[in-house]
1. Assign unit charges at the C-beta atoms only (+1 for Lys and Arg, -1 for Asp and Glu), then state the dipole size of the chain relative to its Cα centre in Debye, rounded to the nearest 20.
2. Helix-only estimate, please: 222 nm mean residue ellipticity of the chain, summing -39500 (n - 2.57) across DSSP H runs of length 4 or more and dividing by its residues, to the nearest 500.
3. In debye to the nearest 20, how big a dipole does the range 25-98 give about its Cα centre with +1 on each Lys and Arg Cβ and -1 on each Asp and Glu Cβ?
4. As I understand it, the dipole of the chain uses +1 on the Cβ of Lys and Arg and -1 on the Cβ of Asp and Glu, about the Cα centre. Which of Ala32, Met48, Pro70 lies farthest toward its positive end?
5. For the chain, with all protein chains present and a 1.4 Å probe, just round the carbon and sulfur fraction of the accessible area to a whole percent.
6. Taking a temperature of 25 °C and a viscosity of 0.890 mPa s, what whole-number D in µm²/s does Stokes-Einstein yield for the chain with Rh from Kirkwood over alpha carbon pairs?
7. Give a residue-ordered list of calculated ³J(HN,Hα) values for the range 119-131 (Karplus: 6.51 cos²θ - 1.76 cosθ + 1.60, θ = phi - 60°; whole Hz; x for Gly, Pro).
8. Please give the length that would be gained between Lys68 and Trp90 if that part of the chain were fully extended, namely 0.36 nm times their separation in residues minus their C-alpha to C-alpha distance (nm, one decimal).
Amino acid sequence: MRRTRFDDAPCPIARVTDLFGDWWTPLVLRDAMFGVTRFDDFQRELGMSRAVLSQRLNRLVDEGLMEKVPYQHHPVRHDYVLTEWGRASWSVLVAMWRYGADHLWPDGDGPPLELTFRDDGAPIEPMVIDGRTGRRLELDDITVQRR
């Protein structure tokens, strides 16, 4: 089945959906952000078929979010390492984390995992702010307009 492409849409959300739109891609990126680099480790952690993982990793490499770095030459084997652009996708994933933690556990218990600062272990509560002003972005304060 052929999927609809949004990679040339005028809306940034549509373009990100084109890139992150299948359910495996954000999970591959999540694992990469927390240190997974080897094909077999991604496959074991995610429990996905080798063929699907190969497709997702190749797409992430083709799109510039990851790069293949050889770690063995006979036979050739690669680490899959986040590029600067791949690391920038963290803001998308952390927004997904916050939404999931706030809304997808019954009775407000929250998930069994939490994000914490590496240096002191303090819990993190991600939020979206405007990088220019530092103001928290709330839906009622925002509109979309053409340039």
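1. The dipole of the chain has a size of about 720 debye.
2. Dividing the helical sum by the residues of the chain leaves -11500 deg cm²/dmol.
3. For the range 25-98, the charge dipole is close to 160 debye.
4. Result: Pro70.
5. About 52 percent, which is the carbon plus sulfur part of the accessible surface.
6. D = 138 µm²/s.
7. These are the phi-based 3J(HN,Hα) values: 6, 10, x, 5, x, 10, 10, x, 8, 9, 10, 7, x Hz.
8. 6.0 nm
The values are calculated or read from the model by the stated rules, or taken from the named source; none is laboratory data. These numbers were taken from a predicted model, which means no experiment stands behind them. Every residue, glycine as well, gets a Cβ built from its backbone with ideal geometry; the counts of neighbours run over all protein chains shown. SASA here: full protein model, heavy atoms, side chains in, ligands and nucleic acids out. Shrake-Rupley method; radii C 1.70, N 1.55, O 1.52, S 1.80 Å.
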